[in-house]
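Here the structure is laid out as structure tokens; the discussion comes afterwards.
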């Protein structure tokens, strides 16, 4: 559950509002974005819980799609998870960490702070499971406490709350069905990405067929509450015009309530909060690479583990890719690009529930999605709506995402060819 919560609460909730305010100025609609996004994520978690219990193995979508569709689908999904699903969000969270610290200490470089954080956490997570797990639990607990403390301080010390209505007003209905709402859901869905993180560690859970559903659903529900509280707080204490287009939303909100000195303290606290996000992604993501290395001889190096059974090669490989993202791409383009590609990944996986029930009706299912088929249908509806708008309004990022998927298929074909050539040579 610590991995799920830490994967989800990170970059998105502390940066998304600035992009959303460019097109939406309604308090009610902005809060509804986070409620709709959370409800969609819970529907996805309910569906993944069934898949994880029926197909218990680490690897997340790689495991599910290989078993439901074809090994090629699983490989492409694993390729997406490895290149975009974890490396890109790790970079975004690290960049946000650097941005918050640099807002307090302007002489420091956000880029090099981000790189330093990735390197330090990679060193810890490639040491031993004990060190890795202890670090993750500590910073996840600290994260939740800091969020609650931040909200409480803002509510108590704000002199003049903003004149924002959190109840529906005239024009809100049209906004809820507009392209602006759909595009803003890109950022929200990205902020909720990570609700499926526990499925990457299924083999390392105690009694996964019984516990996975609890971890996914409860972890996602906790995050939904935190997200609504945080965005209510941002809008309650800081003027909208001060946050439009800005990344360091938490720092700006704290500055309006506590002044420059208080904001500096909160900026450091919020930067520390992001450590667990980067840590969780460096912890969970490489398990996909490890499983690919186990299944495909061409990538056998990725399956190597150290004396503590930690996949140190896979962890190092993912972290190196994260460093490339940090040093080479803009924040918003990474966010939209990653959000679109991950959306396709989860869309196809959730649809796989229908396929699996049809093709393997007798498969043992220790957990079944409640109210089936409503949760998967709701998830597919909202996710499909968002993906369509990205292709229409941000075609460059959308086409890049499709390009990553296509490149994964090419790598799969090359891997199969390499295996056949090696077998013939032997």
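The values are calculated or read from the model by the stated rules, or taken from the named source; none is laboratory data. No experiment lies behind these values; they were computed from the predicted model shown. In this analysis, Cβ positions are derived from the backbone assuming ideal geometry, glycine residues included, and neighbour counts consider all displayed protein chains.
Can you find a residue in the range 378-400 that is within 25 Å of residue 51 (Cβ to Cβ) and over 23 Å from the mean Cα position of the chain (by Cα)? No, the conditions are met nowhere in the range 378-400.
Quick grid of which residues meet (1) exposed (fewer than 15 other Cβ atoms within 10 Å of the Cβ); (2) in contact with a helix residue (DSSP H, G or I) (Cβ under 6 Å, 6 or more places away or on another chain):
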{"residue": "133", "(1), (2)": "no, no"}
{"residue": "149", "(1), (2)": "yes, no"}
{"residue": "154", "(1), (2)": "no, yes"}
{"residue": "165", "(1), (2)": "yes, yes"}
{"residue": "168", "(1), (2)": "no, yes"}
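Just one of (1) assigned to a helix (DSSP H, G or I); (2) at pLDDT 80 or above; (3) over 22 Å from the mean Cα position of the chain (by Cα) fails for residue 108. It is (1).
Going by the structure shown, is residue 60 buried (at least 24 other Cβ atoms within 10 Å of the Cβ), modelled with pLDDT under 80 and touching a helix residue (DSSP H, G or I) at 6+ places or on another chain (Cβ under 6 Å)?
On the way: buried (at least 24 other Cβ atoms within 10 Å of the Cβ): yes; modelled with pLDDT under 80: yes; touching a helix residue (DSSP H, G or I) at 6+ places or on another chain (Cβ under 6 Å): yes.
In short, yes.
Number of residues in the range 324-360 that are over 25 Å from residue 211 (Cβ atoms) and modelled with pLDDT under 90: the value is 20. Checking each residue in the range 214-255 for being free of Cβ contacts under 8 Å to residues at least 60 places away in the same chain and in contact with a helix residue (DSSP H, G or I) (Cβ under 7 Å, 6 or more places away or on another chain) picks out 242, 252, 255. Among the residues making up the range 96-115, a single one is more than 19 Å from residue 263 (Cα to Cα) and surrounded by 22 or more Cβ atoms within 10 Å (Cβ to Cβ): 114.
Against the conditions (1) assigned to a loop (DSSP other than H, G, I, E, B); (2) under 30 Å from residue 387 (Cα atoms), residue 183 satisfies every one except (1).
Is it true that residue 47 is more than 16 Å from the chain's Cα centre (by Cα) and in contact (Cβ under 8 Å) with a residue 40 or more places away in the chain?
Against the criterion (more than 16 Å from the chain's Cα centre (by Cα) and in contact (Cβ under 8 Å) with a residue 40 or more places away in the chain), residue 47 qualifies.
Filtering the range 75-95 to residues that are modelled with pLDDT of 85 or more and either surrounded by fewer than 24 Cβ atoms within 10 Å (Cβ to Cβ) or under 29 Å from residue 252 (Cα atoms) (or both) leaves 90, 91, 94, 95.
Given the structure, is residue 262 touching a helix residue (DSSP H, G or I) at 6+ places or on another chain (Cβ under 7 Å), in a helix (DSSP H, G or I) and surrounded by fewer than 18 Cβ atoms within 10 Å (Cβ to Cβ)?
Working: touching a helix residue (DSSP H, G or I) at 6+ places or on another chain (Cβ under 7 Å): yes; in a helix (DSSP H, G or I): yes; surrounded by fewer than 18 Cβ atoms within 10 Å (Cβ to Cβ): yes.
Criteria met by residue 262.
Evaluation of residue 247 against the conditions (1) outside any helix (DSSP H, G or I); (2) closer than 30 Å to residue 66 by Cβ shows that the sole unmet condition is (2).
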